[in-house]
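Engineer: My questions will all concern the structure given below.
Read-outs: derived from the displayed coordinates by stated rules, not from any lab. Computed from a prediction, not measured in an experiment: that's the story for all the values here. Reconstructed Cβ throughout: ideal geometry from the backbone, glycine too, with neighbour counts over all protein chains shown.
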Amino acid sequence: MQALYAQLLVGLINGSFYALLSLGLAVIFGMLNIINFAHGALYMMGAFVAYFLLNLGGINYWWALLFAPIIVGIFGMILERTMLQWLTGLDHLYGLLLTFGIALIVQGVFQNYFGSSGLPYAIPDQLRGGMNLGFMFLPIYRGWVVIFSLVVCIATWFLIEKTRLGAYLRAATENPTLVRAFGVNVPRMITLTYGLGVGLAALAGVLSAPINQVRPLMGADLIIVVFAVVVIGGMGSIMGSIITGFALGVIEGLTKYFYPEASNTVVFVLMVLVLLVKPTGLTGRAA
Amino acid sequence: MKTRSIASLLLTTALTFALAGVASAQDKTVKIGALSDQSGLYADLGGPGSTLAAQMAVEDSGLAAKGWKIDIISGDHQNKPDIGTAIARQWFDVDKVDIIVDVPNSGVALAVNNVIKEKNGVYINSGAATSDLTNAQCSPNTVHWTYDTYMLAHTTGQALVKAGGDTWFFLTADYAFGAALERDTTAVITANGGKVVGGVKHPLNTPDFSSFLLQAQASKAKIIGLANAGGDTTNSIKQAAEFGIVKGGQKLAALLLFLTDVKAIGLETAQGLNFTETFYWDMNDQTRAFSKRFAEKMKSNAPPTMVQAGVYAGVRHYLKTLEALGGNPHDGVKVVEKMKSIPTEDDLFGKGEIQPNGRTIHSAYLFEVKKPSESKGPWDFYKLVGTVPGDQAFTPLSESKCALLRK
């Protein structure tokens, strides 16, 4: 039984990453209608920026949590301005293919220069060590990841669903022409939203840098699972993606305990089941 | 009249055959295919570096100046046996490749082994670990260089059991390699009076090991054996440190660890790990000189791993054999037979031999990862702890299950 508690907690930790990443995807899809396949590559860039900040600029983890999302977010906004904005109104497939291509290029460039085994990034001193919870030894850093990403997820949800800015955003996706008539600069808002979604991916990258290797393919390995999370949660649903992210982390954790061989397929099995029963995802509304 | 024409016919036929014979003996074209994981979790330990190693072997052989024409092509098997065999077939059927080298990932390596046997090519495997390549699945076309699971089990594994690590828990990569390494290590553990108390099979390329590590922790085994490789091993080791596994008194056995893995983990976390390799760039003047030349040509400036060194040594020996044959007969069995009859000797592995089952025998070295304070350069990672002579490190012929030995 004790082992089970431990597995639940570990699942929650992985769920934090799923939640943060699928949240960014849901924001981008919900507001821009773009299936952002570059999300994994941008997550990877977040981790690399943290690595560079530390090793080239001597800027520590805490500042990286702030700067890496901003830097990668700006990169994302440039992408949106120069490329993605021309796809407005076209079929989803175009956005998907374009972002997929961008992801391949970004990954290829990083792999060319940094190889595939990755670079080490140390856990910050303040978060080292762990505590004994009785049923398991919890590394402090992992506990921090769960709490921090929960806070970020809820803050993002609040921003979009409960504030005036969020209301503008949601209105702009419904009817951009009308919102523009009220004097709101819709294209700029869209760009900033993409930047926000990308920033969330980069933030997840910084968070994962000390746990995983900073590797060019770290995003590619994760992105497919995260897409499954978004599909299960319902495309574009903010709360749906947060809850599904954490829940799937836990389910995956339990699979690792009961039948480890299936741990990297269980998410997709669930996805198939959900799509069979409720094609719009758990919280999605019919289009 | 009739007899004369028959005689002349016979004469011309004989002449044609004789000429053809001369032509094939003097055929000095060779095509080498470097098949590897070019972009995945094993790309740094083999990958583009292995292709470079093969190129350097061709250059260093000096055969170009003697009129030989040697080409190298490379392919990415993406760690998928079906892709690996498809490339191998295309190389033999369309590109007329003579020899395939490297091929990390035991699953792919065993699949490719069958294709090469069928096509009568030459196979010098350096990247894969499974000892089956020279045991149950041995082939007259195959030479296995560098290392294998039997060697890893009988060096690192044995040393740990003898030092008191008598209970084991395995984290095993769920494919041919992990299974072979666990099997060979388990044999050593039980033979030395130890016991395996449990294990987990994890999918290849797992980013998060915390669930598995918690199970290993709960097992209370003295040794946690990592029967995995590349990115899986580095992630296991890093995350084990996070969960306080080594501090809790359990010891990690990195059964297979490469130079690039140590770089990825960082000395801070990797220090003190014991493991076995058959090549390290900083062994002697020759290895240092080669590694310097190699690193200058690598984009990452990394010195060669033992897998890449094995590709170099293997291709050198292959070309030496072709030179001794006076030409390329394009006959895999014949070339490999000749390769086995010539003792191996090169700057990287020293003197050795290829056994009748295809296993190359050379010394293996027990290393320990240095403390950060002991490291003097960017790739100065290892301390030599012991040397195991080749005949003790690799499967003795009496134990080998290879059918070639019973001819």
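Engineer: Do you know the relative contact order of chain B, to the nearest whole percent, from alpha carbon pairs under 8 angstrom that are 6+ apart?
Structural biologist: Details: 814 pairs, mean separation 75.6, N = 407.
Averaging sequence separation for qualifying contacts and normalising by length gives 19 percent for chain B.
Engineer: Let me ask something else about it. Which distance in Å, rounded to a whole number, links the C-alpha centroids of the stretch A:1-71 and the stretch B:152-182?
Structural biologist: So the two Cα centres are separated by 35 Å.
Engineer: Which number do you get for Rg(Cα) / (2.2 N^0.38 Å) in chain B?
Structural biologist: Working: Rg = 22.8 Å, N = 407, 2.2 N^0.38 = 21.6 Å.
Expressed relative to 2.2 N^0.38 Å, the Cα Rg reads 1.06.
Engineer: Where both partners of a DSSP beta bridge lie in the protein assembly as shown, what percent of those bridges are antiparallel, to the nearest 5?
Structural biologist: Details: 19 of 55 bridges.
The antiparallel fraction comes to roughly 35 percent.
Engineer: What whole-number value in cubic angstrom gives the convex hull volume per residue for the C-alpha atoms of the stretch B:94-221?
Structural biologist: Details: hull volume 13.8 nm³, N = 128.
Enclosed volume per residue, from the Cα hull, is 108 Å³.
Engineer: Could I ask something else about it? Which residue fluctuates most in the GNM of chain A (Cα springs below 10 Å): A:22, A:263, A:241?
Structural biologist: A:263
Engineer: Mind checking which of B:228, A:280, A:72 is farthest towards the positive end of the protein assembly as shown's charge dipole, using Cβ charges of +1 (Lys, Arg) and -1 (Asp, Glu) about the Cα centre?
Structural biologist: It is A:280.
Engineer: A further question on this structure: Where a ≥ b ≥ c are the square roots of the eigenvalues of the C-alpha gyration tensor, would you call the stretch B:26-108 rounded, which needs a/c under 1.5, or, failing that, prolate if a/b is larger than b/c, or oblate?
Structural biologist: On the way: a/c = 3.40, a/b = 1.55, b/c = 2.20.
Taking the square roots of the gyration eigenvalues as a ≥ b ≥ c, the stretch B:26-108 is oblate.
Engineer: So for the stretch B:278-407, what percent of the C-alpha to C-alpha distances run longer than 19 Å?
Structural biologist: 58 percent
Engineer: Something else about it: Which ³J(HN,Hα) values, rounded to whole Hz and listed in residue order, are derived for the stretch B:95-100 from phi using the Karplus coefficients 6.51, -1.76 and 1.60 in 6.51 cos²θ - 1.76 cosθ + 1.60 with θ = phi - 60°, glycine and proline given as x?
Structural biologist: 8, 6, 6, 8, 8, 10
Engineer: With an 8 Å Cα cut-off and a minimum separation of 6 or more residues, compute the relative contact order for chain A in percent. Numbers along the way, then the final one.
Structural biologist: Working: 432 pairs, mean separation 112.5, N = 287.
Relative contact order comes out at 39 percent.
Engineer: Assign unit charges at the C-beta atoms only (+1 for Lys and Arg, -1 for Asp and Glu), then state the dipole size of chain B relative to its Cα centre in Debye, rounded to the nearest 20.
Structural biologist: Working: 40 positive and 40 negative charges, 139 e Å.
Roughly 660 debye for chain B.
Engineer: With springs only between Cα atoms under 10 Å, which of A:275, A:90, A:119 fluctuates most in a Gaussian network model of chain A?
Structural biologist: The residue with the greatest mean-square fluctuation here is A:90.
Engineer: Under the Kirkwood approximation for Rh and a Cα-based Rg, what ratio Rg/Rh is obtained for the protein assembly as shown? Before the final figure, lay out the partial values.
Structural biologist: Numbers: Rg = 28.3 Å, Rh = 27.2 Å.
In the protein assembly as shown, Rg relative to Rh is 1.04.
Engineer: Next question. Please report Rg (one decimal) and Dmax (integer) in Å for the Cα set of the stretch B:140-293.
Structural biologist: 15.6, 49
Engineer: Next up: Which is farthest toward the positive dipole end of the protein assembly as shown among B:46, A:179, A:22, measuring Cα position about the Cα centre, with Cβ charges +1 (Lys, Arg) and -1 (Asp, Glu)?
Structural biologist: Towards the positive end, the residue furthest out is A:179.
Engineer: Another one. With the cut-off at 23 Å, tell me which of the pairs B:31/B:320; B:299/B:383; B:238/B:371; B:292/B:383 have Cα atoms farther apart than that. Can you show the working numbers first?
Structural biologist: Details: B:31/B:320 15 Å; B:299/B:383 26 Å; B:238/B:371 16 Å; B:292/B:383 19 Å.
Beyond 23 Å: B:299/B:383.
Engineer: Here's something else I'd like to know. Classify the stretch A:107-179 from the C-alpha gyration tensor, please: rounded if a/c falls under 1.5, else prolate or oblate depending on whether a/b exceeds b/c. Write down the numbers at each step before the final one.
Structural biologist: On the way: a/c = 4.26, a/b = 1.51, b/c = 2.82.
Oblate is the answer for the stretch A:107-179, as a/c is 1.5 or above yet b/c matches or exceeds a/b.
Engineer: With point charges of +1 on the Cβ of Lys and Arg and -1 on the Cβ of Asp and Glu, referenced to the Cα centre of chain B, which listed residue (B:36, B:358, B:213) lies farthest in the positive direction of the dipole?
Structural biologist: Going by the charge dipole, the pick is B:358.
Engineer: Residue by residue through the stretch A:223-237, what is 3J(HN,Hα) from phi via Karplus (6.51 cos²θ - 1.76 cosθ + 1.60, θ = phi - 60°)? Round to whole Hz and write x for glycine and proline.
Structural biologist: 4, 5, 4, 5, 5, 4, 4, 5, 5, 5, x, x, 4, x, 8
Engineer: Are there chymotrypsin sites (Phe, Trp or Tyr not before Pro) in the stretch A:157-254 that DSSP marks as loop and that have at most 11 other Cβ atoms within 10 Å, and which are they? Kindly include the intermediate steps, with their values, before the conclusion.
Structural biologist: Details: sites: A:157, A:158, A:168, A:182, A:194, A:227, A:246; in loops: A:182.
Filter output for the stretch A:157-254: A:182.
Engineer: Per 5 Å bin from zero, what fraction in whole % of the C-alpha pairs of the stretch A:62-168 is there, up to the bin with the longest pair?
Structural biologist: 2, 8, 10, 13, 16, 17, 14, 10, 6, 3, 1, 0
Engineer: Please identify, among B:191, B:179, B:229, the residue showing maximal mean-square fluctuation in a Gaussian network model of chain B using a 10 angstrom Cα cutoff.
Structural biologist: B:191
Engineer: Apply the Kirkwood formula to the stretch A:1-46: the hydrodynamic radius equals the inverse of the mean of 1/r over all pairs of different alpha-carbon atoms; give it in Å with one decimal.
Structural biologist: Values: mean 1/r = 0.0823 Å⁻¹.
In the stretch A:1-46 this quantity evaluates to 12.2 Å.
Engineer: In addition: Rounded, prolate or oblate for the stretch B:171-250? Axes are the square roots of the Cα gyration tensor eigenvalues, ordered a ≥ b ≥ c, and the cut-off for rounded is a/c under 1.5.
Structural biologist: Numbers: a/c = 2.06, a/b = 1.13, b/c = 1.82.
Taking the square roots of the gyration eigenvalues as a ≥ b ≥ c, the stretch B:171-250 is oblate.
Engineer: From the P(r) of the stretch A:198-287, can you give the percent of Cα pairs sitting at distances over 20 Å? Let's see the in-between values first.
Structural biologist: Numbers: 1635 of 4005 pairs.
Pairs farther apart than 20 Å: 41 percent.
Engineer: To the nearest 20 Debye, how big is the dipole of the stretch B:256-407 about its Cα centre, given +1 on the beta carbon of each Lys and Arg and -1 on that of each Asp and Glu?
Structural biologist: On the way: 20 positive and 18 negative charges, 65 e Å.
Roughly 320 debye, rounded to the nearest 20.
Engineer: Let me ask another. Ratio of the stretch B:152-215's C-alpha Rg to 2.2 N^0.38 Å, to two decimals? Could you put the intermediate results ahead of the total?
Structural biologist: Details: Rg = 12.1 Å, N = 64, 2.2 N^0.38 = 10.7 Å.
Dividing the Cα radius of gyration by 2.2 N^0.38 Å gives 1.13.
Engineer: Give me the one-decimal Kirkwood hydrodynamic radius in Å for the stretch A:31-76, with the sum taken over alpha-carbon pairs. Don't jump to the answer; show the numbers that get you there.
Structural biologist: Numbers: mean 1/r = 0.0898 Å⁻¹.
After inverting the pairwise mean of 1/r, the radius is 11.1 Å.
Engineer: Moving on to the next point. Treating only the Cβ atoms of Lys and Arg (+1) and Asp and Glu (-1) as charged, compute the dipole magnitude of the stretch A:2-277 about its Cα centre; round to the nearest 20 debye.
Structural biologist: Values: 10 positive and 8 negative charges, 88 e Å.
For this selection, approximately 420 debye.
Engineer: Output the Cα-based Rg and Dmax of the stretch A:2-277 in Å, rounding Rg to one decimal and Dmax to a whole number.
Structural biologist: Answer for the stretch A:2-277, Rg first and Dmax second: 18.6, 60 Å.
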